[in-house]
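The values are calculated or read from the model by the stated rules, or taken from the named source; none is laboratory data. Everything numeric here is computed off the predicted structure, so don't read it as measured data. Positions of Cβ are backbone-derived with ideal geometry, glycine not excepted, and every protein chain shown enters the neighbour counts.
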Amino acid sequence: MELAEFELLVTRHEKDLYTFCCHLAITRDWADELYQETLLKSLEIIHKINTKENPKAYLFAVAIRIWKNIQRKAGRRKKIAPTVPLDDMTDEPSGNKSVENQAEQSIRDITIRKAVAGLEDRYKIPILLMYFGEYNVAEISRICSLPEGTVKSRLQKGRGMVRVILEKEGFTYAE
């Protein structure tokens, strides 16, 4: 892949990649760091990106690998000096719904985000890829280098965990 093609790839998918980084990292600071590291690493290995396959999925896979490395480093730091992440992600209500419906939907969305964020990476990453990255099981399997059956079981178990959290918060779960 040439540099011009890479620039076009980033321009075409920057919003999706940044949104995925935000969902994965929870805080804006971590999302910004993850996004920048993903682009830098992708630029370093530009020759490995195959434009005939799904280059967007390749960027997502790079982001996942970097996220896992950041998590490992954070785990080591946490043992030394524990920190509490701040959740600065909020939704803007849409104009078509009543204020009560907007508030309820906003609370539900935040609850879902927190529930997904609280999952282990093995369950969180496939859920984020499927519902926020809009990938199918086969694509998630390739991105995560896992068998499709493993992806399916992790999606099912992750959804079950989110369902339990939503029910505890008083929301009905709809797939």
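Remarks
- Remark: pairs (first residue in the stretch 4-31, not assigned by TED's automatic domain parsing to the domain that holds Ala63; second residue at pLDDT 85 or above and surrounded by 15 or more Cβ atoms within 10 Å (Cβ to Cβ); Cβ separation under 6 Å; 6+ apart in sequence or on different chains) are absent.
- Picking from residues in the stretch 104-123 that are in contact with an Asp or Glu (Cβ under 6 Å, 6 or more places away or on another chain) and among the hydroxyl-bearing types (Ser, Thr, Tyr), the one that is modelled with the lowest pLDDT is Ser106.
- Scanning the stretch 48-65 for residues that are part of a helix (DSSP H, G or I), at pLDDT 85 or above, among the charged types (D, E, K, R) and over 21 Å from Glu139 (Cα atoms) turns up nothing.
- Remark: pairs (first residue in the stretch 157-171, aromatic (Phe, Trp, Tyr); second residue assigned to a helix (DSSP H, G or I); Cβ separation under 7 Å; 6+ apart in sequence or on different chains) = Phe171/Arg108; Phe171/Thr111.
- Any hit, the stretch 129-137, residues being among the aromatic types (Phe, Trp, Tyr) and modelled with pLDDT of 85 or more: no
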